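Asker: The structure follows.
The values are calculated or read from the model by the stated rules, or taken from the named source; none is laboratory data. What you see is a predicted model; the values in this text were computed from it and never measured. Neighbour counts are summed over all protein chains in view; Cβ atoms, including those assigned to glycine, are modelled from backbone coordinates with ideal geometry. What goes into the accessible areas is simple: the full protein's heavy atoms, side chains included, and nothing from ligands, DNA or RNA. Shrake-Rupley method; radii C 1.70, N 1.55, O 1.52, S 1.80 Å.
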Amino acid sequence: MITVNDFQFNGKRVLVRVDFNVPLDDDLRVTDDSRIRATIPTIKAIVQNGGRPVLISHLGRPEGEKVEKLSLRSTVSTIQSLSGMNVTFCDDCIGDEVVKMTKNIKEGEIMLLENLRFYSEETEGDLSFAEKLAANGDFYINDAFGTAHRAHASTAVIANFFEGKKAFGLVMAAEIENVNKVLFSKEKPVTAIVGGAKVSSKLAILENLISKLDHLIIAGGMAFTFIKAKGGQVGQSLVEDDFLEVAKSIMDLAEEKGVIIHLPIDSKNADKFDNDAESHFSSAYKIGDGWMGLDVGEDTIKELEPVIMGSKTVLWNGPMGVFEFSNYEYGTKAMAELIARATKKGTFSIVGGGDSVAAVKKFGMADKVSYVSTGGGAMLEYLEGKTLPGIKAILD
Ligand code: AMP
């Protein structure tokens, strides 16, 4: 994989697509700087290799309008303090003036261009907009894994203008390498925990992963479609009746391929979707009418413990229950702790794709797993086996 470390830039401008889509408070202060922090090594590598970084990003959804409160200017002081470098802000991202400014960047200085999505051509993947953007750099680096699944002007189309002068940034390279460690793992047994709300949204992941696994743990709301397909009584739990046959075929496929599927054994049930609902435990296969399973119980975790502890590679996507409710967070928290314990004894573990990332952060486990993906939707599509436009554009 070609990265920013494979070039000597010799004083040239290096256009870097970063993901600075950070949350801002009412006073336009950055409230979570992790995306900016993650990109600092890439920026430093560019400078060390003799390049002059020109950063481009989107922020929020201005939908082609210039929306002052979505200006990337709000991120300047954070970039400055995290990098220790001077940042010059340019209040547009295309045009002669911008090109002129980029040609005057001083050594050791960073230039940040204005929000790409102030132009609708960005998300439309417009070729001439991509060409105008490309005029701001001599090399192109993509370090925005979070938008790699979009064929936007700055994430994919632009790469056409940098034949032989394009590479991945270090965030992007780490994401790809870490997910590939699971998808192409030789460190077996390999276990995936796929949880969350709906089978329909995780189907492609299950289908792509199944041939690569030894164990598949299905949990969260989506487990009930499988349990019902096996003849269990699931009460008012989340079920997608249209997917009962699909669930059966996944279980058949797993059996054919020698993959062991684990479903919850016990369930913590609520009489309504509310943290303060009445609750009780039952078998996950015998949930009474009027009750819905919102979490797993201790029996499930006890059964899963040797599976996780015995795995060499673990991928976790999607919570075990409604972890946002304190009364139903047990299973998700227990899974985070199990994975942390396995990691400590040498298992390679990766947590990725939306809510399980929020969960490990909530339970303070983010630094106790091997890798936490920042990818969100891009990570999900990568796990589905899709070729992401942002990755393809660099590799082509
Ligand atoms: P997803 O985005 O598909 O990974 O789903 C994450 C959401 O699934 C979280 O907001 C959880 O609250 C929800 N979830 C997990 N388990 C259950 C369950 N048993 N019933 C309903 N929703 C659930």
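Asker: Please go through the range 148-180 and give me each residue that is assigned to a helix (DSSP H, G or I) and closer than 18 Å to Ile94 by Cβ, ordered by number.
Answerer: Val157, Ile158, Ala159, Asn160, Phe161 - these are the residues of the range 148-180 that are assigned to a helix (DSSP H, G or I) and closer than 18 Å to Ile94 by Cβ.
Asker: Restricting the range 49-82 to residues that are open to solvent by 40 Å² or more (accessible area, probe 1.4 Å) and touching a strand residue (DSSP E or B) at 6+ places or on another chain (Cβ under 7 Å), which is farthest from Ala148 (Cα to Cα)?
Answerer: Selected residue: Gln80.
Asker: Of everything in the range 323-346 that's touching a strand residue (DSSP E or B) at 6+ places or on another chain (Cβ under 6 Å) and among the hydroxyl-bearing types (Ser, Thr, Tyr), which residue is surrounded by the most Cβ atoms within 10 Å (Cβ to Cβ)?
Answerer: Among those that are touching a strand residue (DSSP E or B) at 6+ places or on another chain (Cβ under 6 Å) and among the hydroxyl-bearing types (Ser, Thr, Tyr), it is Tyr328.
Asker: When the range 97-125 is examined, which residues are found to be of a type in the set (Asp, Glu) and either open to solvent by less than 50 Å² (accessible area, probe 1.4 Å) or touching a helix residue (DSSP H, G or I) at 6+ places or on another chain (Cβ under 7 Å) (or both)?
Answerer: Residues satisfying the conditions are Glu109, Glu114, Glu121, Glu122.
Asker: Step by step: first the residues of the range 196-207, then only those that are of a type outside the set (Ser, Thr, Tyr) and open to solvent by 50 Å² or more (accessible area, probe 1.4 Å), then the one that is farthest from the ligand (Cβ to nearest atom). Which residue is that?
Answerer: Ranking the qualifying residues of the range 196-207, first place goes to Glu207.
Asker: Quick check on the range 91-98. Is at least one of its residues of a type outside the set (Lys, Arg) and closer than 15 Å to Val14 by Cβ?
Answerer: No, the range 91-98 contains no residue that is of a type outside the set (Lys, Arg) and closer than 15 Å to Val14 by Cβ.
Asker: Taking the range 341-376, which residues are within 13 Å of the ligand (Cβ to nearest atom) and among the acidic types (Asp, Glu)?
Answerer: Correct list: Asp355 only.
Asker: In addition: Test Met320 against the criterion of being open to solvent by 20 Å² or more (accessible area, probe 1.4 Å), in contact with a strand residue (DSSP E or B) (Cβ under 7 Å, 6 or more places away or on another chain) and within 13 Å of the ligand (Cβ to nearest atom), and give yes or no.
Answerer: So Met320 does not fit the description; no.
Asker: Which of the helices (runs of 4 or more DSSP H) contained wholly in the range 342-396 include at least 1 residues that are under 23 Å from Val322 (Cα atoms)?
Answerer: In the range 342-396, 355-362, 377-383 are the helices (runs of 4 or more DSSP H) which contain 1 or more residues that are under 23 Å from Val322 (Cα atoms).
Asker: From the list Ile210, Ile193, exactly one residue is buried (at least 20 other Cβ atoms within 10 Å of the Cβ) and either assigned to a helix (DSSP H, G or I) or within 15 Å of the ligand (Cβ to nearest atom) (or both). Which is it?
Answerer: Only one candidate passes the filter, namely Ile193.
Asker: Which of (1) assigned to a loop (DSSP other than H, G, I, E, B); (2) open to solvent by less than 20 Å² (accessible area, probe 1.4 Å); (3) within 16 Å of the ligand (Cβ to nearest atom) is the odd one out, the single condition Ser311 does not satisfy?
Answerer: Ser311 satisfies all of (1) assigned to a loop (DSSP other than H, G, I, E, B); (2) open to solvent by less than 20 Å² (accessible area, probe 1.4 Å); (3) within 16 Å of the ligand (Cβ to nearest atom) except (3).
Asker: Could you grab the pairs with beta carbons closer than 6 Å, sequence gap of 6+ or different chains, first residue in the range 350-368 and under 10 Å from Thr332 (Cβ atoms), second one open to solvent by less than 40 Å² (accessible area, probe 1.4 Å) and among the aromatic types (Phe, Trp, Tyr)?
Answerer: Ser356/Trp316; Ala359/Phe323
Asker: Considering every residue within the range 25-48, establish whether at least one is in a loop (DSSP other than H, G, I, E, B) and crowded, with 20+ Cβ neighbours inside 10 Å. Show your work before the answer.
Answerer: Filtering the range 25-48 down to residues in a loop (DSSP other than H, G, I, E, B) leaves 25-29, 31-33.
Next, from what is left, pick out any that are crowded, with 20+ Cβ neighbours inside 10 Å: none.
Within the range 25-48 (the criterion being in a loop (DSSP other than H, G, I, E, B) and crowded, with 20+ Cβ neighbours inside 10 Å), the answer is no, since none of the residues qualifies.
Asker: Another question, if that's okay. Identify all residues within the range 221-268 that are small (Gly, Ala, Ser), assigned to a helix (DSSP H, G or I) and either surrounded by 20 or more Cβ atoms within 10 Å (Cβ to Cβ) or touching a Cys at 6+ places or on another chain (Cβ under 8 Å) (or both); write none if there are none. Break it down into steps so the answer makes sense when it comes.
Answerer: Initial filter on the range 221-268 (small (Gly, Ala, Ser)): 221, 223, 229, 231-232, 235, 237, 247, 249, 254, 258, 267.
From the residues that got through so far, the ones that are assigned to a helix (DSSP H, G or I) too are 223, 229, 247, 249, 254.
Answer for the range 221-268, where residues must be small (Gly, Ala, Ser), assigned to a helix (DSSP H, G or I) and either surrounded by 20 or more Cβ atoms within 10 Å (Cβ to Cβ) or touching a Cys at 6+ places or on another chain (Cβ under 8 Å) (or both): Ala223, Ala229, Ala247.
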